[in-house]
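Since the structure comes first, as structure tokens, the remarks are kept for the end.
The values are calculated or read from the model by the stated rules, or taken from the named source; none is laboratory data. All of these numbers come straight from a predicted model, not from anything done at the bench. Cβ placement follows ideal geometry from the backbone for every residue including glycine, while neighbour counts extend to all protein chains displayed.
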Amino acid sequence: MGKSLAYKILENHLIEGELSPGGEITIKIDQTLTQDSTGTMVYLQLEAMDADFVKTDLSVAYIDHNTLQTGFENADDHAFIESVAKRHGVLFSKPGNGICHQLHLENYGAPGKTLLGSDSHTPTGGGIGMIAIGAGGLDVAVAMASGVYRLTVPKVVNVELSGSLRPWVSAKDVILYVLKRLKVKGGVGKIVEYTGEGAASLSVTERATIANMGAELGATTSIFPSDENTRLYLASQSRESDYAPFAADADAVYNQILKVNLSELTPLAAMPHSPDNVDSVSNIGEIHVDQVAIGSCTNSSYEDLMKVAEILKGNRVHPDVSLVISPGSSRILSKLASNGALADLIDAGARIIENACGPCIGMGQSPRSGAVSLRTFNRNFKGRSGTLDAGVYLVSPETAAISAVRGVLTDGMKTGRPLSAAPPESFPPRDSFIVYPAGANKKNTPVAMGPNIKPFPRNTRLEDEAAGTVVLLAGDNVTTDDIMPSDSRLLPYRSNIPYLADFCFEKTDAEFAKKCKAANGSVIIAGENYGQGSSREHAALAPLYLGVKFVLAKSFARIHRSNLINSGIIPLLFENPADYGDVQLGERLVIRDAREQILNPTVVIHSPERENTRRALSDLSEYERQIILAGGKINLMRNNG
Ligand code: MIC
Ligand code: SF4
């Protein structure tokens, strides 16, 4: 029986367990990446583990999210990360170098390798034929300290691509189409593997765009074969020696198949406020546009920006539109500067901002009240832009650029304008933004600890009774942006959970933190896909700090579920879906004999006031049960010496 590419790479890295869907395996991790907004927790945890030099082949600490430095907090975080990186043999990428996923693809990603990153868009690396997985910070810290990662074996969905993209239709439209078909929880527990002549026709950066937004499907990761286009990309980055061909067997067996003919796709847009709320640009119509933002780890490649430059050249940005462009990396910006494309962008009226996440995570460039903002990013959750009543549409760079010129959402195909592909480029090796840990070690490098960096909260072992008051009744697809909002106001406090906790669920219920503090233990009730989106552990650590004992939901998103478990908060599933609508706000829920019950697949939850009981599924692996009993992963590791 033929194997998928995903399973081949997992098999090459298998340390323990059986490679069959639903089972638990331990794999070797070749590379890790962290970014700064999750990285401060990662490095606090690495220090707490008393780890020495990393056990991976390569670990990189990028600074790309919190780069505004409006106060000392960001700069202190950067200094902290740099110092701990040195102590553990981790490469440090300085602010200004670019966005972690773009940089990793350019400089370090390699076919057939495994990568674990403390950011949900780590699967961008799937564009180069590697198994690249996003995880919570603690799991990444453990991978750095031990060189391994434990995961539930995903199923594999095959997206078979035929045909080729027409001008004005781009990789972004491919993934928007897949999102329209599979929806935001369609990839949970799955790896999305792209094959076919259509996949072969795409460049590595196009593949990376598609793999990047596989995170929006909730997928564990996405992967493309490594082929001639991969070799060409690596050669263009002066790294041809990292090339190796990888593909699925011709008779590979998949758990699900989706066929997409690239030749039939048209420009698409994800409408407010979800990446799967997709329609064609021509159906949505020529709505007035206030802001256009081009960049993010999804669409800030050299190819993307060259297409934008071609569209803008000799044109001007519409008077009603603010166009901002954040290139993906310093190398890309430097190339645009030397080949004249940067001048084309600026002359047309584009605002060039730093090579960083920037507006994608609400670090500046919030649109005006009630604005329509077209963004080439990957998430358009309500309020993520920093403007609660703005409507964010996710589009391709081509659609964004032509719409910026015309002032209305525009289907470029209908303009009849020709559009050529970006000419191939080669990028000489350059590492002026990288600080190497060479010569450093734990003993001779002190930790630079600023006053805003507080210890992370730790749980205590599970008690015999786990009880809490229901403080929130949440719906489906709650995002970690809902749970622990992030923007220019809050990002500087990513290393200070006590401060951040007061803003937990701020946009859903401004009283949430107060209610938790008043209750003697709290419980959250939620619908499907609870905790989708960002990998931020803060969405588990802030509830932990506020005394949340368990979350009872219809289903969970993968990374957040792991983060809850790692924090010792029990993720439980309704056994009877009708109970979801029955639980009331303020109701006290009690799990008696919790230490005993957690060992079983179902748990009985008492409601003393209503004198009834409900059953929940605990759905935990043996290892996860041990973590919950210990009160979190760090405690378990400590107990086990
Ligand atoms: C995101 O795109 O939501 C982020 C910000 O990159 C997060 C990480 C974070 O919250 O720090 C992610 O994708 O994991
Ligand atoms: Fe940064 Fe946005 Fe990518 Fe997250 S999605 S890593 S915030 S650019």
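Considering the conditions (1) within 30 Å of Thr195 (Cβ to Cβ); (2) surrounded by fewer than 23 Cβ atoms within 10 Å (Cβ to Cβ); (3) not hydroxyl-bearing (Ser, Thr, Tyr), Ile29 is excluded by exactly one of them, (2). Among the residues making up the range 587-625, those that are in a loop (DSSP other than H, G, I, E, B) and either surrounded by 17 or more Cβ atoms within 10 Å (Cβ to Cβ) or within 33 Å of the chain's Cα centre (by Cα) (or both) are Glu587, Ile598, Leu599, Asn600, Pro601, Ser618, Asp619, Leu620, Ser621. Tell me, please, whether a residue that is within 27 Å of the chain's Cα centre (by Cα), part of a loop (DSSP other than H, G, I, E, B) and within 16 Å of ligand 2 (Cβ to nearest atom) can be found in the range 398-420. Looking for residues that are within 27 Å of the chain's Cα centre (by Cα), part of a loop (DSSP other than H, G, I, E, B) and within 16 Å of ligand 2 (Cβ to nearest atom), one finds none in the range 398-420, hence no. Scanning the range 450-482 for residues being over 27 Å from the mean Cα position of the chain (by Cα), among the hydrophobic types (A, V, I, L, M, F, W, C), in a loop (DSSP other than H, G, I, E, B) and within 27 Å of Ser37 (Cβ to Cβ) gives a total of 0.
Here Val84 qualifies as more than 15 Å from ligand 1 (Cβ to nearest atom) and under 25 Å from Lys633 (Cβ atoms). Within the range 44-63, the set of residues being out of contact with any His (no Cβ under 9 Å at 6 or more places or on another chain) and closer than 18 Å to Phe433 by Cα comprises Leu58, Ala61. Take Gly134 and decide whether it is in contact with an Asp or Glu (Cβ under 8 Å, 6 or more places away or on another chain), within 25 Å of Val395 (Cβ to Cβ) and within 15 Å of ligand 2 (Cβ to nearest atom). In short, yes. I want to confirm something. Restricting to the range 346-395 and keeping residues that are under 27 Å from Ser93 (Cα atoms) and charged (D, E, K, R), which single residue is nearest to ligand 1 (Cβ to nearest atom)? Only one residue tops the list, namely Arg379.
Given Pro424, Pro429, which one is in a loop (DSSP other than H, G, I, E, B) and touching a Leu at 6+ places or on another chain (Cβ under 8 Å)? Walk me through it before giving the result.
Details: Pro429 fails: touching a Leu at 6+ places or on another chain (Cβ under 8 Å).
Selected residue: Pro424, the only one of Pro424, Pro429 that is in a loop (DSSP other than H, G, I, E, B) and touching a Leu at 6+ places or on another chain (Cβ under 8 Å).
For the range 501-525, which positions are touching a Gly at 6+ places or on another chain (Cβ under 7 Å) and assigned to a loop (DSSP other than H, G, I, E, B)? Passing the criteria: Lys507, Ala519, Gly521.
Just to check your reading of the model, which residue among Thr70, Thr122 is crowded, with 24+ Cβ neighbours inside 10 Å, in contact (Cβ under 8 Å) with a residue 40 or more places away in the chain and β-branched (Val, Ile, Thr)?
Values: Thr70 fails: crowded, with 24+ Cβ neighbours inside 10 Å.
After applying the criteria, what remains is Thr122.
Only a single item in (1) within 16 Å of ligand 1 (Cβ to nearest atom); (2) over 18 Å from the mean Cα position of the chain (by Cα); (3) touching a residue at least 60 places away in the same chain (Cβ under 8 Å); (4) in a loop (DSSP other than H, G, I, E, B) is not met by Glu528, and it is number (1). May I ask you to list the residues in the range 230-271 that are within 25 Å of the chain's Cα centre (by Cα) and either at pLDDT below 95 or polar (S, T, N, Q) (or both)? Thr230, Gln237, Asn255, Gln256 - these are the residues of the range 230-271 that are within 25 Å of the chain's Cα centre (by Cα) and either at pLDDT below 95 or polar (S, T, N, Q) (or both).
Yes/no matrix, rows are residues, columns are (1) crowded, with 24+ Cβ neighbours inside 10 Å; (2) of a type outside the set (D, E, K, R):
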{"site": "Ser274", "(1), (2)": "no, yes"}
{"site": "Val281", "(1), (2)": "yes, yes"}
{"site": "Ile284", "(1), (2)": "no, yes"}
{"site": "Asp290", "(1), (2)": "no, no"}
{"site": "Ala293", "(1), (2)": "yes, yes"}
{"site": "Leu305", "(1), (2)": "yes, yes"}
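Among the conditions (1) more than 14 Å from ligand 2 (Cβ to nearest atom); (2) surrounded by fewer than 24 Cβ atoms within 10 Å (Cβ to Cβ); (3) touching a residue at least 60 places away in the same chain (Cβ under 8 Å), Gly364 misses just one, which is (1).
Any residue at all in the range 1-19 that is surrounded by 17 or more Cβ atoms within 10 Å (Cβ to Cβ) and within 16 Å of ligand 1 (Cβ to nearest atom)? No.
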